[in-house]
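A short reminder: the numbers here are calculations on the coordinates, not readings from a lab. Nothing here was measured: the structure is a model prediction, and the numbers come from that model. Please note: Cβ atoms are built from the backbone with ideal geometry, for glycine as well, and neighbour counts cover all protein chains shown.
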Amino acid sequence: MAILVKQERIDLRVAKEDKALLDRAATSQNLSLSSYIMSICLKQAQIDLVKQESIKLSNHDWRILMQELDNPSKPNSALKKLFK
């Protein structure tokens with residue numbers, strides 16, 4: 001089993017009320033405050049990156065894309081020139 005060595009540190013300054021809320025939430029999940037914050041932040045980071053790196057198409061644009069992939073257009077002279 002590989003052992004994960006944590007070498008980086010992140011420091012946060014928070015309001016007293018915010019820390020109390022985070023402590024309560026961490027305790028409710030039987031996690032340390034650090035583990036709770038990391039688990040929530042990592043999940044949110046993955047969600048944010050998926051949103052950022054995804055392309056959403058309308059149904060109309062999806063049909064056009066699928067049609068072009070199934071029946072690609074012949075390369076025109078501008079495209080041929082571009083690839084030379």
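Only helices enter this figure: runs of n ≥ 4 DSSP H residues, each worth -39500 (n - 2.57), summed and divided by the residues of the chain, yield -19500 deg cm²/dmol at 222 nm to the nearest 500. Couplings 3J(HN,Hα) of the range 69-84, computed from phi: 5, 6, 9, x, 6, 6, x, 8, 5, 5, 5, 4, 5, 4, 8, 7 Hz, in residue order, whole Hz [Karplus 6.51 cos²θ - 1.76 cosθ + 1.60, θ = phi - 60°; x for Gly and Pro]. Considering only Leu21, Leu31, Gln46, the residue lying farthest towards the positive end of the dipole of the chain is Gln46, judged by Cα position with unit charges set on Cβ. Calculated on C-alpha atoms, the gyration radius of the chain divided by its Kirkwood radius gives an Rg/Rh of 1.32.
Measuring r between the beta carbons of Ile55 and Lys80 and using R0 = 30 Å, the FRET efficiency lands at 0.65. Panel values: the range 15-55, Kirkwood radius from alpha carbon pairs, Stokes-Einstein at 10 °C and 1.306 mPa s, translational diffusion coefficient 141 µm²/s.
Each label was represented as a point 7 Å from its Cα along the Cα-to-Cβ direction; for Ala15 and Gln44 these points are 1.5 nm apart. Simple rule: put +1 on each Lys or Arg Cβ and -1 on each Asp or Glu Cβ in the chain, find the dipole, and look at Trp62, Ser77, Leu4; the Cα lying farthest toward the positive end is Ser77.
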